[in-house]
């Protein structure tokens, strides 16, 4: 059962339903999607930009790493479509820093539908490793 933060868009639940994912909406203190020792932070491209500028991304990752063994940041949307004035190289540099310095897996997808599929596969793979 995947726990979904109640501040996440309703459309994400629809994508999870279509994929046959069992989920429950509740207020999470860390991350947006959680199951067992896996935590996923979902960002739109513009939210990623904002969280880089205001330092939120750093704090979110620190909290994720304290509470979960496996941490992911999934970014929904194309960098070229962002409305933010944050330079593309700044975004890419932050993603590299998250992966190399912080050990957090980062993946960009085109949209939330793809993000839901990737998230489902992440949780499935972790379950398979833990049970097999």
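For the reader, a short list of remarks on this structure follows.
- Looking across 36, 77, one residue alone is within 16 Å of the chain's Cα centre (by Cα), touching a residue at least 12 places away in the same chain (Cβ under 8 Å) and surrounded by 17 or more Cβ atoms within 10 Å (Cβ to Cβ). It is 77.
- Residue match in segment 20-39 (condition: part of a helix (DSSP H, G or I) and in contact with a helix residue (DSSP H, G or I) (Cβ under 7 Å, 6 or more places away or on another chain)): no
- Total residues in segment 10-19, condition surrounded by fewer than 15 Cβ atoms within 10 Å (Cβ to Cβ) and modelled with pLDDT of 95 or more: 4
Residues are listed down the side, and each one gets a yes or a no for (1) in a helix (DSSP H, G or I); (2) surrounded by 16 or more Cβ atoms within 10 Å (Cβ to Cβ):
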position: 48; (1), (2): yes, yes
position: 51; (1), (2): yes, yes
position: 60; (1), (2): yes, yes
position: 73; (1), (2): no, yes
position: 92; (1), (2): yes, no
position: 115; (1), (2): yes, yes
position: 119; (1), (2): yes, yes
position: 123; (1), (2): yes, yes
position: 126; (1), (2): yes, yes
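- Residues (in contact (Cβ under 8 Å) with a residue 12 or more places away in the chain, within 17 Å of residue 50 (Cβ to Cβ) and within 19 Å of the chain's Cα centre (by Cα)) located in segment 85-102: 90, 91, 92, 94, 95, 98
The values are calculated or read from the model by the stated rules, or taken from the named source; none is laboratory data. Predicted model only: the values in this text are computed from it and were never measured. With ideal geometry, Cβ positions are generated from the backbone for all residues, glycine too; neighbour counts draw on all protein chains shown.
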